[in-house]
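All remarks here apply to the structure that follows.
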Amino acid sequence: MANISSFGGSRPPFRSRHGNSNSKFVRKNDRIRAVEVRLIGADGHQVGVVPTRQALQMAQNAGLDLIEVSAGVNPPVCRIVNYGKYMYDLGKKGKGKEKSGSSKLKEIKLRPRIELHDYETKMRRMESFLAHGNKVKVTLFFRGREMAYRELGFETINRAIKDIAHIGTPDSPPRLMGRNISMAISPLPANRRKLKYTQPDDEMLDDEDEGDEETSENGEAPAQSETPAQP
């Protein structure tokens, strides 16, 4: 009879099927445990939420595999793809991420009287940054006579906190410092993140949008000229 105390030795009694923490484990086909999934078809278009059995049958009819691409949301997101090609592409993306480094501090800039379209664009970008594990610094700028509308500024930034609460949470309450209101937002744990403004399979949005930029490690944003406010 095996001695139970031997389990504490150098060799474990079993090995996790996830293997090395650096390896990529992807559930496919019958290994997907969820009762229903949010399905992306073989053509890349959203099918919607369907029973897992139905999604698996659709994959089989297409001669492809059902792959779980995002397990951290409810229901999980699955795609109908060729498994071999998907894992090859995933490996290439992983190498690219290793070269680019770890998560970064991003910055989103707001104005007290921001237009609805611009605000929605900012929310999409912030959600994209947080969904990829990045922290976001949110800064609201006052110009000239706008300092008389500080309450409006706090209303705008508190609205942003509420509208992004499904994926991120502020590290501390927003603070007024000089002519700016600023705060930092950290992503929620992966299994609690939800998407409202972007698609589950989207790549992270870039930093080329005017007013949004990557922040250096010391938290200071590069100098940038500002466009005069519209009358």
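We did not get these values from a lab; they are worked out from the coordinates using the rules stated. What you see is a predicted model, and the numbers here were worked out from it, not measured in a lab. Every residue, glycine as well, gets a Cβ built from its backbone with ideal geometry; the counts of neighbours run over all protein chains shown.
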**Prompt:** Can you give the Kirkwood hydrodynamic radius for the stretch 24-94, in Å, rounded to one decimal and based on Cα pairs?
**Reply:** 11.9 Å
**Asked** Any idea what the relative contact order of the stretch 103-214 is, in percent, if you count C-alpha pairs under 8 Å spaced at least 6 apart?
**Response** 35 percent
**Request:** With only Lys, Arg, Asp and Glu charged, each at its Cβ (+1 for the first two, -1 for the last two), find how big the charge dipole of the stretch 24-94 is about the Cα centre; round to the nearest 20 debye.
**Result:** 240 debye
**Asked** What ranking, highest mean first, results for peptides 151-158, 176-183 when packing means the other Cβ atoms within 10 Å averaged over each residue?
**Response** 151-158, 176-183
**Fill in**
Exposure-ranked with fewest Cβ neighbours within 10 Å first, Glu107, Glu120 stand as Glu120, Glu107
**Request:** Please turn the phi angles of the stretch 124-138 into ³J(HN,Hα) values with the Karplus equation 6.51 cos²θ - 1.76 cosθ + 1.60 (θ = phi - 60°), one per residue in order, whole Hz, x for glycine and proline.
**Result:** 5, 5, 5, 4, 4, 4, 5, 4, 9, x, 8, 7, 10, 8, 9
**Message:** For the ranges 109-116, 46-53, what's the packing order if you count other beta-carbon atoms within 10 Å of each residue, average per peptide, and put the highest first?
**Reply:** 109-116, 46-53
**Message:** Take the residue pairs Lys135/Lys196; Lys85/Lys194; Lys135/Lys162; Lys104/Lys137 and return only those whose Cα atoms are more than 21 Å apart.
**Reply:** Lys85/Lys194
